[in-house]
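The values are calculated or read from the model by the stated rules, or taken from the named source; none is laboratory data. Predicted model only: the values in this text are computed from it and were never measured. Methodologically, a virtual Cβ is constructed for each residue, glycine included, from the backbone with ideal geometry; neighbour enumeration extends over all protein chains shown.
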Amino acid sequence: MKKIFGKTILGTAVIALSFLSSCNDNDQIDLSTNDSNNIDNEAVTESYFDDVDDMATLSVSADASTSTGSRESASGRQGTKPTDTRFTCATVTFEFAADNSSLNPHGYITIDFGATGCIDLRGNVRKGVIKVEFKGKRFMPDSQIVTTLQGYSINGIAIEGVRTVTNTSGSLETNPKFNVTVAGGKVTWTDATTATREVDRTRVWVRAANPLNDEWIVTGTAAGTNRDGKTYQMQITKPLVYKRECASSNKGGIAVEGTKVLTVDQKVISIDYGTGTCDKLITITINGVSKEVEVKANM
């Protein structure tokens, strides 16, 4: 069983939750339209920010100088473009900050999709700029990636906010740990409805000998208002586990286990992603009654 992912660290395309359908006609509860909308709103809003975070992470990882700071004289050069299909039509440029050094790399990567937009190989139209600031050597303690959006949209849906990823690991830790925050997060749909989102999470990268077996363990919270104007809080009550092997398969980037609780409209909704299988099934529990449903992706 799993969860919507898009996942920032996996380098996959965003997966947005489009609807939930019953996997078993004998399930005990029927989700109301409001329940489905509330779950959908939180998952879709999350997926848009995770998509941006993923592209920022890939852009930093693609350029060796973000790790070494070795090209101290470089300024405004063409950046190294990741092989991911989302970057196909973007212009990527790279610039060091004035205080850059080999011991403490500091610079900016600009991912520019243009004011009129461009279409990636998946058919998504992106416009605007993703500005990525990196501080410190990648994977070293206290290094940061700060992502700011400037007039950015995907398929006409505008995304705002600042996302900061900070390495909180000790220098010798095998599995690096990151704190992830989103401040001023906002999504505006083409019908002028909006959703806001603030995030504070911890993400542990469990590295395997074979990178295809890497896992990520996520804990933390999110809060905001959904596009129906309702305030929500989300708390991960059992760490969410993501596997690269699942994201790389046709099952999509969806969590393989863990539980989160969504509180909205005075209702508490528990969402359980199972025990490790690469499927798209989740179990939703409301007032002690459970139902298994399937996540449907539309991107």
Residues being of a type in the set (A, V, I, L, M) and either in contact with a Cys (Cβ under 8 Å, 6 or more places away or on another chain) or loosely packed, with under 15 Cβ neighbours inside 10 Å (or both): count how many of those fall in the stretch 211-229. 1
May I ask you to list the residues in the stretch 201-210 that are in a loop (DSSP other than H, G, I, E, B) and either surrounded by 14 or more Cβ atoms within 10 Å (Cβ to Cβ) or in contact (Cβ under 8 Å) with a residue 12 or more places away in the chain (or both)? Arg207
Cβ-Cβ under 7 Å pairs, at least 6 apart or on other chains, the stretch 86-97 side buried (at least 19 other Cβ atoms within 10 Å of the Cβ), far side acidic (Asp, Glu) and assigned to a strand (DSSP E or B): Ala90/Asp112
Looking only at the stretch 124-143, count every residue that is part of a strand (DSSP E or B) and in contact with a Gly (Cβ under 8 Å, 6 or more places away or on another chain) and tell me the total. 7
Could you check, for the stretch 75-82, whether at least one of its residues is in contact (Cβ under 8 Å) with a residue 24 or more places away in the chain and not in a loop (DSSP other than H, G, I, E, B)? no
Tell me, please, whether a residue that is surrounded by 18 or more Cβ atoms within 10 Å (Cβ to Cβ), modelled with pLDDT under 95, in contact with a Cys (Cβ under 8 Å, 6 or more places away or on another chain) and assigned to a loop (DSSP other than H, G, I, E, B) can be found in the stretch 115-123. yes
Within the stretch 271-291, which residues are in a strand (DSSP E or B) and buried (at least 16 other Cβ atoms within 10 Å of the Cβ)? Ile271, Asp272, Tyr273, Gly274, Leu281, Ile282, Thr283, Ile284, Thr285, Lys291
Out of Asp228, Asp214, Asp272, Asp200, report the one residue that is closer than 21 Å to Val182 by Cβ, among the charged types (D, E, K, R) and touching a strand residue (DSSP E or B) at 6+ places or on another chain (Cβ under 7 Å). Asp200
Matching residues in the stretch 98-114 - criterion: being surrounded by 13 or more Cβ atoms within 10 Å (Cβ to Cβ) and hydroxyl-bearing (Ser, Thr, Tyr): Tyr108, Thr110
Note down all Cβ pairs under 7 Å where the first residue falls in the stretch 184-200 and is surrounded by fewer than 22 Cβ atoms within 10 Å (Cβ to Cβ), the second is not in a strand (DSSP E or B), and they're at least six residues apart or on different chains. Trp189/Arg227; Thr190/Gly156; Thr193/Arg227; Thr194/Arg227
So Asn100 fits all but one of (1) more than 22 Å from Arg203 (Cβ to Cβ); (2) in contact with a helix residue (DSSP H, G or I) (Cβ under 6 Å, 6 or more places away or on another chain); (3) among the polar types (S, T, N, Q); what number is the exception? (2)
Complete set of residues in the stretch 91-114 that are at pLDDT 95 or above and outside any strand (DSSP E or B): Phe113, Gly114
Quick check: anything in the stretch 73-87 hydrophobic (A, V, I, L, M, F, W, C), at pLDDT 85 or above and in contact with a strand residue (DSSP E or B) (Cβ under 8 Å, 6 or more places away or on another chain)? yes
The stretch 137-160, residues that are among the polar types (S, T, N, Q) and either surrounded by fewer than 18 Cβ atoms within 10 Å (Cβ to Cβ) or more than 16 Å from Ala64 (Cα to Cα) (or both): Gln144, Thr147, Thr148, Gln150, Ser153, Asn155
Just one listed residue, out of Lys238, Lys186, is outside any helix (DSSP H, G or I), closer than 24 Å to Ser270 by Cβ and either modelled with pLDDT of 95 or more or more than 16 Å from the chain's Cα centre (by Cα) (or both), and it is Lys238
In the stretch 51-65, anything touching a helix residue (DSSP H, G or I) at 6+ places or on another chain (Cβ under 7 Å) and not in a helix (DSSP H, G or I) is listed as none
